[in-house]
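Have a look at the structure below, then the notes.
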Amino acid sequence: NFLNDKTMGECLNSDCENDVVEWALGGYQDGEWAVKKIIGLSKDGRPMYGPYDDNGELWRTDNVDACNGVKEDPSYYYVATQWYPYVPGCQGPTNMIHEDAPPFYATCSLNGIEQFQTPLKGLGEDCAANQHCASQICDLDDKTCSGDPPAPTPNSGCSQQGSGCMIDSNCCSNDCENAVCRGGTNPPPTNPPPSPTPPTNPPPTNCKANALGCNAPADCCSTYCNGHDVCRNAPDEPPSPTPPTNPPPSPTPPTNPPPSPTPPTGPVGPPLTDSMADCVHVADQFRNTCTSPREVGSDYNFNTNIGGITPEIITCPNWPTDSGFPCIGWMEGTSCVWHRRTCITCYPDTDGRTMIRVQTNSMPDHCPGNSLVKPQEFDYEVLFNSPIVVDGNHVDFLNQPTVRPKFVPGGGMQDVTYDNAATAEVCPLAHTYDLDGLRVVEHGNVESRRALAFAINGVAFQNSNQEDDDPVFPQGLGAVLEQPLDICMGHNQRNSDSGMYHYHMIPPCLNPNFLNDKTVEECLNSDCENDVVEWALGGYQDGEWAVKKIIGLSKDGRPMYGPYDDNGELWRTDNVDACNGVKEDPSYYYVATQWYPYVPGCQGPTNMIHEDAPPFYATCSLNGIEQFQTPLKGLGEDCAANQHCASQICDLDDKTCSGDPPAPTPNSGCSQQGSGCMIDSNCCSNDCENAVCRGGTNPPPTNPPPSPTPPTNPPPTNCKANALGCNAPADCCSAYCNDNDVCRQAPDGPPPSPSPPTGPCVDITTWKYTTFMGNVRDCAWVATWPYMRCSKMGDNDVPATIGCCNTCDY
């Protein structure tokens, strides 16, 4: 808070130089800072306290020894003092040399402890600071104690009447009362230093101190919530307008960390508009790595090289060293390290309309479950949240065959006929936007043009594959050798040199806590593949994630919210249109849903095609919106996921709704009694209650996946959740404080690679593995990415380590 009303500069020709000691003590005048408080650690491992003792009094000369230490048997610690050495000066304890007979001192400062011993110096005696004199006035011209206050020095940048002050000489009137300049003629300073831009509204009295977590600037006493959702002082800007006549009062920091916020139970406020303030609010929800402000002027000079944006360093430990899973950045020891770069910026166009610019390399802030990921050059600008036509749509889809041009590998651009207009727009990899009306300007690469939206961590969204099919629940429209999705619902493109990592569904890993007890790997042969929708929703079950929350921005510049509405209910089929948009006049925004396209599927608003008479749908997924319309399917009817059935059980063997819960499968790595869970099948006992496995015999899993090493000491009960600010690992419940002073879960590395076979063998050409989602994998698939593939069991119950043993020998 000390810097709230100050601009950083040298301690020359200012109140700082006029009284350095008084200036330094100015940072210790309020709340916890005005009493005994740890401010550091000495080289010899002892705590160092600030300038005030338990009673809020400055340390006295008879408290400390020659090393600036205080002996308080059986303890010894160092303190900050007004005299040299100011901080720990040597390894103590030592004798009180200034109280010896005769006393002696370290003779390397004009501001030694002898200057502060009582009695203080009288008029005319030598001095170097006001604190040396009984009169508290040291004439800085002749260095003697004086009874005459110094004349005001307007050219030193003195404060005007009504401004804040600490001592009389801070004020042009030389009259500081109750920390405010009073009286006098207040001549303007000849050459005042530049002042920081004052906050429009003073911070509330219950604001959060620096280093605490935040959701918006208004949460912070500094009115600046940085790109990592942590309160910080806003970086100083170039010279700005006249300073405020009444600076905001210094807030009293809380003595105990604030409790975690209770999630709202009702509406969270009016719909967002296209205002600059709402744009900045949305930009602040992103995990920006850049140091530039979220709002800039129309003439701002943007960094056009994504690689030049300040990065966040992401570390994924225990990375495999085999050639089948290369590091996506660079190796440091056994960890793979890479740079994540994201910067979301708002600015006014020449006519005053609000624009938003998205710049990201689409690198995740968590370990990916597959390799070959490469940083991207995604960079575009668009009108922010452009107003919609009231009682109208951007497009009304027709239920009739529709022809669209499409690039076909090996065949170039061809006309393709789709069964209806919604399928033609929602299902292809590329989409059409009103580029002129939205003022879209592309600065990025080709992949940038195909992204439908961007998550708050900067990773891109796509909703279909190269065959216009849903990669999560495919119709099987073509043979696509896609790299499987990982448990975060992301992957990179196998058939593209770009290596773009992107999400295809609701990404649970946006919630940093989701990965606390998990290893990032492919969504295969696990609870993830058994119920993909339920798995994805598992990241949105607690706190702010379980209500309406911004999780991204669409390509057409509109906010995208998570899977829950204001009341903590999943979005219903009668809420959304064919593009997954919700119209809330005069606003329109996109939401994440359980059904395809899961995220923004096209530019809306559009008609509610699933409620037309007769209804129709985009036909590129087995998990379309029609599966979720009431009434849900009955016993024996076709299904592809539990959510399609009224019984909430879809028999995965015959793909029909069932009333019988599936038997537990202990060999899939089920959780033991007392462990965390989301659904019954997570538990060896098949009994998950209140997110904890209960009851049952708990047989040990036959082949459990590797588990992360538990911390040696469990975190304290008052630890900080992920995404909150931290100073040390011990502050965090995850016991991991990253380089940006933010609590994160230390990312788990992929599990160790399987042992290669040792005996001679030939490949079985008919070996294949068919996933729950219908994708057929063969030995060529194993050979391309052997990591975690050699352990797969084929449809003929032959493991890949035997069936494809030559390709597994890497």
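The values are calculated or read from the model by the stated rules, or taken from the named source; none is laboratory data. Since we're looking at a predicted model, the values are computed, not measured. Positions of Cβ are backbone-derived with ideal geometry, glycine not excepted, and every protein chain shown enters the neighbour counts. All accessible areas refer to the heavy atoms of the entire protein, side chains included, with ligands and DNA or RNA removed. Shrake-Rupley method; radii C 1.70, N 1.55, O 1.52, S 1.80 Å.
Remarks
- Accessible surface, 1.4 Å probe, highest first, among residues Glu22, Glu569: Glu569, Glu22
- Cα gyration tensor, segment 518-644 - rounded (a/c under 1.5), prolate or oblate: oblate
- Excluding same-chain neighbours fewer than eight residues apart, the lysines reachable from Lys6 by a Cα-Cα span under 30 Å are Lys36, Lys37, Lys143, Lys208.
- Principal axes of segment 359-449: Cα extent on each, largest first, Å: 43, 39, 24
- Cα gyration tensor category, rounded, prolate or oblate, for segment 336-381 with a/c compared to 1.5: prolate
- Annotation: extensible slack from Glu584 through Asp54 equals 185.2 nm (criterion: 0.36 nm per residue apart, minus Cα-Cα distance).
- Farthest towards the positive end of the charge dipole of segment 353-440, among the residues Val373, Ile388, Val426, is the Cα of Val373, using unit charges on the Cβ of Lys, Arg, Asp and Glu.
- Interchain or long-range residues, amide H under 5 Å from Thr656's placed H: Cys639, Asp651
- Cleavage-rule hits (trypsin sites (Lys or Arg not before Pro)) in segment 24-84: DSSP loop, at most 10 neighbouring Cβ within 10 angstrom: Lys43
- Counting 0.36 nm for each residue step from Met8 to Ser526 and taking away their Cα separation leaves a gain of 181.0 nm.
- In this calculation the C-beta distance from Ile97 to Asp660 is compared with R0 = 60 Å, giving a FRET efficiency of 0.10.
- Global geometry of segment 489-558, whether rounded, prolate or oblate, following the gyration tensor of its Cα atoms and the 1.5 cut on a/c: oblate
- Simple label model, 7 Å out from Cα along Cβ direction - Ala128 to Asp299, nm: 4.9 nm
- The phi torsions of segment 394-407, fed into the Karplus equation with coefficients 6.51, -1.76 and 1.60 and a -60° offset, translate into couplings of 5, 8, 10, 6, 10, 8, 8, x, 10, 9, 9, x, 8, 7 Hz, rounded to whole numbers, with Gly and Pro shown as x.
- Amide hydrogen neighbours beyond the local backbone of Cys523, cut-off 5 Å, H modeled: Leu485, Asp486, Ile487
- For Ala453, the residues whose amide H sits under 5 Å from its own are Phe461, Lys555, ignoring neighbours fewer than 5 places away on the same chain, with H placed 1.01 Å from N.
- About its Cα centre, the dipole of segment 314-458 is roughly 320 debye, where the only charges are +1 on Lys and Arg Cβ and -1 on Asp and Glu Cβ.
- Förster radius 45 Å - calculated FRET efficiency between Asp141 and Asn567, Cβ distance, rounded to 0.05: 0.05
- Loop chymotrypsin sites (Phe, Trp or Tyr not before Pro), segment 282-314, which have at most 16 other Cβ atoms in a 10 Å radius of their Cβ (DSSP): Tyr300, Phe302
- Here, segment 461-582 has an Rg and a Dmax of 15.0, 43 Å when only alpha carbons are counted.
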